[in-house]
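Here is the structure we will look at.
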Amino acid sequence: MDMMGLAGTSKHITFLLLCQLGASGPGDGCCVEKTSFPEGASGSPLGPRNLSCYRVSKTDYECSWQYDGPEDNVSHVLWCCFVPPNHTHTGQERCRYFSSGPDRTVQFWEQDGIPVLSKVNFWVESRLGNRTMKSQKISQYLYNWTKTTPPLGHIKVSQSHRQLRMDWNVSEEAGAEVQFRRRMPTTNWTLGDCGPQVNSGSGVLGDIRGSMSESCLCPSENMAQEIQIRRRRRLSSGAPGGPWSDWSMPVCVPPEVLPQAKIKFLVEPLNQGGRRRLTMQGQSPQLAVPEGCRGRPGAQVKKHLVLVRMLSCRCQAQTSKTVPLGKKLNLSGATYDLNVLAKTRFGRSTIQKWHLPAQELTETRALNVSVGGNMTSMQWAAQAPGTTYCLEWQPWFQHRNHTHCTLIVPEEEDPAKMVTHSWSSKPTLEQEECYRITVFASKNPKNPMLWATVLSSYYFGGNASRAGTPRHVSVRNQTGDSVSVEWTASQLSTCPGVLTQYVVRCEAEDGAWESEWLVPPTKTQVTLDGLRSRVMYKVQVRADTARLPGAWSHPQRFSFGPPGTCAHPCLHPVAALPWSSLAARASRLGSGATLRTSRRCCTREMRWWSRCPETEATGQSRPRPPLSAPWTQGGPWRLRGRGRCRHCQRPGAWAWLGRTVPVVTWPT
């Protein structure tokens with residue numbers, strides 16, 4: 001019969017029962033003499049495994065293991081066997097056990113009788129009903145095998161160049177090996193090595209006084225990540241000095257590139273108060289996070305914001321303001337940039353950009369601008385007392401970098417309810433170009449979202465009358481008693497709202513008739529009717545603004561007559577000769593010849609003759625009539641069907657200084 005009279009009970013179980021009778025708790029230990037214990041593991045896939053024993057502080061030690069099998073009614077026992085220092089000559093081992101119940105961790109210290117400077121054999125037995133399962137045996141020198149702690153405090157995370165850097169403080173001496181593991185919503189854990197840590201000086205976070213710092217780099221991804229850190233003591237020889245620590249608490253980080261938002265911005269027209277309502281519709285994108293980061297801060301976006309930046313009136317004290325996403329805004333007619341921001345642990349990131357162009361008032365409000373020398377003055381209707389104004393002017397069609405603005409705070413209220421601003425420094429509005437002028441007003445100028453547009457207008461600087469004079473006025477033939485007058489558009493037409501109309505004036509040179517035609521600013525042609533035959537006219541065009549009439553263009557002369565005469569101006573009009581002289585010369589041509597004269601009309605007759613000084617006579621299609629007396633003394637005649645004299649400007653313009661041109665139509 002075995003001890004205690006229990007048949008089939010081994011000695012180590014008997015000692016276990018005897019020790020448990022005197023134990024004060026499940027974690028208490030008992031020391032027994034080892035007689036015979038089973039060697040090796042139980043051979044079952046179930047039971048305890050991965051046993052590890054180590055030092056956790058100067059006097060405290062711990063053993064932990066994993067267990068595969070049913071958890072109900074299982075109890076674990078840690079066995080420690082060693083040769084006492086006073087029994088080294090006999091080699092007799094003594095054993096001590098610690099019962100942990102269902103727990104898989106046993107803590108003890110030097111006073112429990114476990115030697116820490118000599119070798120100790122450890123194993124675990126797990127009892128489930130009448131079945132006992134045993135782990136592999138390990139041998140350990142406890143004092144030199146130390147388990148470090150994972151980062152317990154705050155882990156600081158920063159992001160740069162597609163890398164994540166994690167920094168933390170440790171209380172024990174630095175010099176450990178560090179590993180990380182990470183996973184994303186669609187991947188499993190992957191292991192990474194942070195490398196051995198060196199003494200980097202004092203702690204970087206400042207939450208543990210007198211601590212040292214460690215760090216680790218891992219890749220940044222375009223998906224949210226869950227990262228954990230573990231550490232292991234490293235000896236000076238480079239060999240491990242203990243087991244790996246437990247994994248740290250999860251560190252959750254957002255993606256490097258956040259998904260773009262799809263917010264719709266709806267803008268209403270400017271109201272009478274010079275402001276327009278802006279409404280934001282849509283939802284911000286939701287991030288997928290790993291399992292361990294659900295409900296934990298770090299990976300998710302903290303909040304979504306909208307950065308409103310006013311691009312107009314940059315001379316104000318503050319040009320931008322941040323508001324929550326979805327807030328209804330009332331903005332002026334200025335130009336704005338709106339950026340949708342996502343705030344994460346790394347700061348703010350722009351996930352959508354939207355540009356709001358400027359909008360002008362529907363009604364034109366008067367703006368008085370005067371320029372004299374180097375002095376420019378502007379005047380407009382005043383708002384309520386205490387209002388600050390922002391005056392902005394910019395050359396039209398130029399980049400916004402050429403915009404100028406100034407803040408105006410009237411010192412006292414004007415009895416005429418007007419605001420006048422004058423300045424003598426550059427730049428002035430004296431250059432002949434178009435300027436866009438806008439006036440904003442606000443009772444709170446430090447808030448860029450509280451401005452209102454009170455005036456928007458265009459102004460053509462310099463001498464608008466001279467610069468706006470129409471060019472290249474031309475007269476073309478028309479049927480009946482009318483002609484067509486055309487011209488190139490005035491330079492004022494490029495300045496919106498400045499050119500109000502064109503005025504075309506036509507008058508007979510004999511002073512018997514004069515008339516004007518009003519032409520819309522979008523047209524550059526008009527038909528003149530009611531003209532008389534055989535009358536010399538002159539026509540001029542001007543471009544008017546709302547402030548003053550323009551300057552007349554250079555007069556264009558033309559005559560109007562029946563078919564066979566011309567209706568386009570001569571470039572070089574010549575003086576007329578007495579009619580008696582012309583008639584005398586016409587008589588030499590015969591009874592079939594018809595003589596026409598004109599002071600400034602250019603003719604294009606099919607048959608003509610003339611005499612150019614210092615030329616010889618040339619052939620023509622019909623026999624030349626006898627000409628006995630030249631027009632001028634000396635010199636031969638030249639006769640031809642088509643051609644020009646040396647002094648003519650174009651075919652059909654037959655003139656030279658001091659001469660009239662008789663025109664002869666030969667009988668057919």
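The values are calculated or read from the model by the stated rules, or taken from the named source; none is laboratory data. Predicted, not measured: the structure shown is a model, and the values here were computed from it. When we count neighbours, we look across all protein chains shown, and the Cβ atoms used for this are built from the backbone with ideal geometry, even at glycine. With ligands, DNA and RNA removed, areas are computed over all heavy atoms of the protein, side chains included. Shrake-Rupley method; radii C 1.70, N 1.55, O 1.52, S 1.80 Å.
Note the full-extension length gain between residue 222 and residue 138 as 0.36 nm times their separation in residues minus their Cα-Cα distance, in nm to one decimal.
25.8 nm
Report the net charge of residues surrounding residue 343, where surrounding means a beta-carbon distance below 14 angstrom and charges are Lys +1, Arg +1, Asp -1, Glu -1.
Taking every other residue near residue 343 into account, the sum is +4.
If you take every residue apart from residue 110 with its C-beta less than 11 Å away from the C-beta of residue 110, what net charge results, scoring Lys and Arg +1 and Asp and Glu -1?
Here the count lands on 0.
Just to verify a number: what accessible area does residue 95 come out at with the full protein assembly present, 1.4 Å probe, Å² rounded to tens?
0
For residue 482 paired with residue 414, estimate the spin-label separation in nm (one decimal), with each label point 7 Å from Cα along the Cα-to-Cβ line.
4.8
Taking every pair of alpha-carbon atoms in segment 370-491, what share in percent sits in each 5 Å bin, from 0 to the bin with the longest distance?
2, 9, 16, 17, 15, 12, 8, 6, 5, 4, 3, 2, 1, 0
At a Förster radius of 41 Å, what calculated FRET efficiency corresponds to the Cβ-Cβ distance of residue 404 and residue 277, to the nearest 0.05?
Taking R0 as 41 Å, the efficiency between residue 404 and residue 277 is 0.90.
Once the whole set of protein chains is in place, how much accessible area is left on residue 487, using a 1.4 Å probe, in Å² to the nearest 10?
10
How much FRET efficiency would the formula 1/(1 + (r/R0)^6) give for residue 423 and residue 514, where r is the Cβ-Cβ distance and R0 is 51 Å, rounded to 0.05?
So, using R0 = 51 Å, E works out to roughly 0.70.
Fully extended, how many nm does the chain gain between residue 291 and residue 152 (0.36 nm per residue separation, minus their Cα-Cα distance)?
Result for the pair: 48.0 nm of gain on full extension.
Let me understand segment 215-331 better: what is its radius of gyration from the alpha carbons, and its Dmax, in angstrom?
23.5, 82
Just need the relative contact order of segment 269-417 here, percent rounded to a whole number, with Cα pairs under 8 Å and 6+ apart.
Once normalised by length, the contact order is 20 percent.
On the full set of protein chains, 1.4 Å probe, figure out the accessible area of residue 498 and give it in Å² to the nearest 10.
The value for residue 498 is about 20 Å².
Between segment 499-519 and segment 316-365, what's the alpha-carbon centroid distance in Å?
52
Give me the Kirkwood hydrodynamic radius of segment 465-560 in Å, from all C-alpha pairs, to one decimal place?
By the Kirkwood definition, the hydrodynamic radius is 13.6 Å.
Along the Cα-to-C-beta direction of residue 110, a point sits 7 Å from the Cα; which residues of segment 55-84 have their amide N less than 19 Å from that point?
Label zone hits: 55-63, 82-84.
Quick one: P(r) of segment 264-354 from all Cα-Cα pairs, 10 Å bins, percents rounded to integers, in order of increasing distance.
Once binned at 10 Å, the Cα pair distances of segment 264-354 give 15, 40, 27, 13, 5, 0.
Pulled fully out, how much extra length does the chain show between residue 268 and residue 315, if you take 0.36 nm times their separation in residues and subtract their Cα-Cα distance?
14.3 nm
Relative to 2.2 N^0.38 Å, what does the C-alpha radius of gyration of segment 47-141 come to as a ratio? Two decimals please.
So the Cα radius of gyration is 1.11 times the expected 2.2 N^0.38 Å.
According to a simple spin-label model (label point 7 Å from Cα along Cα-to-Cβ), what is the distance in nm between residue 444 and residue 375?
3.9
How big is the dipole moment of segment 264-354 about its Cα centre under a simple scheme where the beta carbon of each Lys and Arg is +1, that of each Asp and Glu is -1, and everything else is neutral? Debye, nearest 20, please.
Result for segment 264-354 is approximately 200 debye, rounded to the nearest 20.
How high is the FRET efficiency from residue 58 to residue 193, r the C-beta distance, R0 25 Å, rounded to 0.05?
Between residue 58 and residue 193 the formula returns 0.30.
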